[in-house]
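As structure tokens, the structure follows; a few thoughts come after it.
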Amino acid sequence: MRQNECTIKGVVSKGRQVGRTLGFPTANLYLQSCFPILDLGVYGVKVFWRGNQYYGAMNVGFRPTFEYGHHVSYEIHLLDFHEDLYDEELIVDVCFYVRQEKKFSHLNELKGQLYNDVAYVKKQFGLIETTDLKNNFGGRVDTVEWPIPIGLDWRKR
């Protein structure tokens, strides 16, 4: 795993809450200042809030499965987190790239990929062992495209 690619800061705003209905609630981040250009896709992140550190998976993109507009969104699913973050400021260290953003044909396909992304992020952060993946995620990690870590250096763009 590479060191932090960059750090972003923003305030959580209320979204359409689609992730919540899929079992993956997200904090929709409204960025407050200049930020680096990130490739569209999913990232492993560390999130700092009220002096605590949390791990998460962040999607940067246009949400093509839902066709929600033309601006880039920053949505973070915090792992094992169940608190209200609306109007709270978060500092996010972008640690590694997981996969490209893609459009899914069905919500079940998207949900399977989200399980897969979370498993990969947990594995990369050392939160679970490789042998625990099937046990923790009901075997879903073999049913959808396995994320591939891609070297990313946004400073060279």
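Quick notes
- When L85 is tested against (1) farther than 21 Å from V11 by Cβ; (2) of a type in the set (A, V, I, L, M); (3) crowded, with 17+ Cβ neighbours inside 10 Å, only condition (1) is not met.
- Matching residues in region 94-123 - criterion: being among the acidic types (D, E) and surrounded by fewer than 18 Cβ atoms within 10 Å (Cβ to Cβ): E101, E109
- Residue that is at pLDDT 90 or above and assigned to a helix (DSSP H, G or I), where the choices are K111, K122, K46, K134: K122
- Checking I91 against (1) closer than 20 Å to G23 by Cα; (2) of a type in the set (A, V, I, L, M); (3) at pLDDT 85 or above; (4) exposed (fewer than 15 other Cβ atoms within 10 Å of the Cβ), the condition it does not meet: (1)
- Unique match (being in contact with a Cys (Cβ under 6 Å, 6 or more places away or on another chain), outside any strand (DSSP E or B) and at pLDDT below 90) among P36, P25: P36
- Qualifying residue in region 50-63 (condition: within 20 Å of C6 (Cα to Cα), in contact with a His (Cβ under 7 Å, 6 or more places away or on another chain), among the aliphatic types (A, V, I, L, M) and in a strand (DSSP E or B)): yes
The values are calculated or read from the model by the stated rules, or taken from the named source; none is laboratory data. Bear in mind the structure is a predicted one, so any value in this text is a computation, not a measurement. Counting neighbours? That spans all protein chains shown, and the Cβs are built from the backbone with ideal geometry, glycine included.
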